[in-house]
Amino acid sequence: MSNAEYLLDINVLVALVDDSHSHHNLATEWFDSIKGKDWGVCTLTEAGFLRVMTRPGTGCLSVEQASDVLERLTAQPGYRFWPLTESWSSTAGPFKGRVFGHQQITDALLLGLAVKEGGILVTFDKAIAHIAGRRFAGNLLVLQ
C-alpha cells in the first residue's frame, strides 16, 4: 500500500505549479488545507504533468525544467509515490461497465488505483463521479 491518502490527477498537479492555470487558486488552497496528510502521484500523473508542461504554447518548459519543477513539488511534506503495478483491466476492472469513451480510460485507471490503495483521487473533472458511482464515491474528491 502506498500509504498516501490523496492521489492527484494530472490537472490538479499542473494547477498547483502553474499560476496561470484557471484552477491554480483552488488547487493551492486545497493543497494548503491538507497539510499533515499524505498525498501523491503515480507514474501516469508524472508523465502527464511533464507532457502538459513541455507542450509548446502551454507549458513551454524544457523537459529538464519541468522535471525539476516536479522534483521540487514531490519534495513537499506528505508526498508518497503510488506505484502502478497491475494492468489496466485489473486496476480499472470495477468500472468497465461505466466507462463509455476514450477520454475516461485514464480517469478509470487513476480511480482504480485510488480504490486499490484505499485512497482518494483528487480532480477537477466532475464526470469521474459517474465512473465512481455510489459504490466508490468515497474514493473521489472533485475540487470545485
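Could you pull out every one of the helices (runs of 4 or more DSSP H) wholly within region 1-110 that has 2 or more residues that are under 15 Å from the mean Cα position of the chain (by Cα) and surrounded by 15 or more Cβ atoms within 10 Å (Cβ to Cβ)?
On the way: elements: 10-17, 24-33, 43-54, 63-73, 88-91.
Those helices (runs of 4 or more DSSP H) span 10-17, 24-33, 43-54, 63-73.
Looking at region 25-44, is at least one residue farther than 19 Å from L140 by Cβ and of a type in the set (V, I, T)?
yes
If you go through region 67-81 one residue at a time, do you hit one that is closer than 25 Å to A137 by Cβ and out of contact with any His (no Cβ under 9 Å at 6 or more places or on another chain)? Reasoning before the result, please.
First pass over region 67-81, keeping only residues closer than 25 Å to A137 by Cβ: 78, 80.
Those left that are additionally out of contact with any His (no Cβ under 9 Å at 6 or more places or on another chain): 78, 80.
Yes, that holds for at least one residue.
Given the residues T54, T123, T45, which is the only one that is more than 13 Å from L8 (Cα to Cα) and of a type in the set (S, T, N, Q)? Talk me through it step by step, then tell me what you get.
On the way: T123 fails: more than 13 Å from L8 (Cα to Cα); T45 fails: more than 13 Å from L8 (Cα to Cα).
Going through T54, T123, T45 in turn, the sole match is T54.
Six or more apart or on different chains, Cβ atoms under 8 Å: show the pairs whose first residue is in region 107-119 and closer than 19 Å to G97 by Cβ and whose second is charged (D, E, K, R) and outside any helix (DSSP H, G or I).
D107/D9; D107/D125; L110/D9; K116/E86
A quick yes/no check of all residues on (1) under 27 Å from G133 (Cβ atoms); (2) touching an Asp or Glu at 6+ places or on another chain (Cβ under 6 Å); (3) free of Cβ contacts under 8 Å to residues at least 40 places away in the same chain; (4) among the β-branched types (V, I, T):
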{"site": "V12", "(1), (2), (3), (4)": "yes, no, no, yes"}
{"site": "D19", "(1), (2), (3), (4)": "no, no, yes, no"}
{"site": "D38", "(1), (2), (3), (4)": "yes, yes, no, no"}
{"site": "V41", "(1), (2), (3), (4)": "yes, no, no, yes"}
{"site": "T74", "(1), (2), (3), (4)": "no, no, yes, yes"}
{"site": "P94", "(1), (2), (3), (4)": "yes, no, no, no"}
{"site": "R98", "(1), (2), (3), (4)": "yes, no, yes, no"}
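Restricting to region 118-138, name every residue that is assigned to a loop (DSSP other than H, G, I, E, B), in contact with a helix residue (DSSP H, G or I) (Cβ under 9 Å, 6 or more places away or on another chain) and under 23 Å from F31 (Cα atoms).
Quick first cut of region 118-138, residues assigned to a loop (DSSP other than H, G, I, E, B) only: 118-119, 124-127, 133-136.
Now narrow it down to the ones that are in contact with a helix residue (DSSP H, G or I) (Cβ under 9 Å, 6 or more places away or on another chain): 118-119, 124-125, 127, 133, 135-136.
Correct list: G118, G119, F124, D125, A127, F136.
The numbers here are math on the coordinates, done by the rules we state, and not lab data. Remember, it's a predicted structure, so these values are computed and weren't measured experimentally. Virtual Cβ from ideal backbone geometry, glycine too; neighbours counted across all protein chains shown.
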